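Down below is the structure, laid out as structure tokens.
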Amino acid sequence: MCPPRSASAGTLHIPNPAFDYIPPHLISLFITDTGGYTPSYVYRLLTEYYSREDYLLSKALCFNDAAC
């Protein structure tokens, strides 16, 4: 049961990402529905399944200018 909200209660923003970050040095195999691949092969998979325009972001699409 949740306690009642008071007028003095502030808003709390808690990010809840839909993914977990795993450091690259801990990854030895990517497992997909088409099989298992080594990390060095992922670049080839990207070129097979996506065009270059699909994974290049322009400045207009960036939400955080510092990251672009």
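The values are calculated or read from the model by the stated rules, or taken from the named source; none is laboratory data. Quantities reported herein were computed from a predicted structural model and do not represent experimental measurements. We place every Cβ from the backbone using ideal geometry, glycine too, and count neighbours over all the protein chains shown. The area values use the complete protein model at the heavy-atom level, side chains included, leaving out ligands, DNA and RNA. Shrake-Rupley method; radii C 1.70, N 1.55, O 1.52, S 1.80 Å.
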Legend entry - Surface accessible to a 1.4 Å probe, PHE19 within the full protein complex, Å²: 150
Inset, instruction - Collect residues whose amide H, placed 1.01 Å from N in the peptide plane, falls under 5 Å from the amide H of PHE30; neighbours closer than 5 in sequence don't count. - result: TYR37, THR38
Legend entry - HIS25-TYR49 pseudo-label distance in nm [points 7 Å out on the Cα-to-Cβ vector]: 2.8
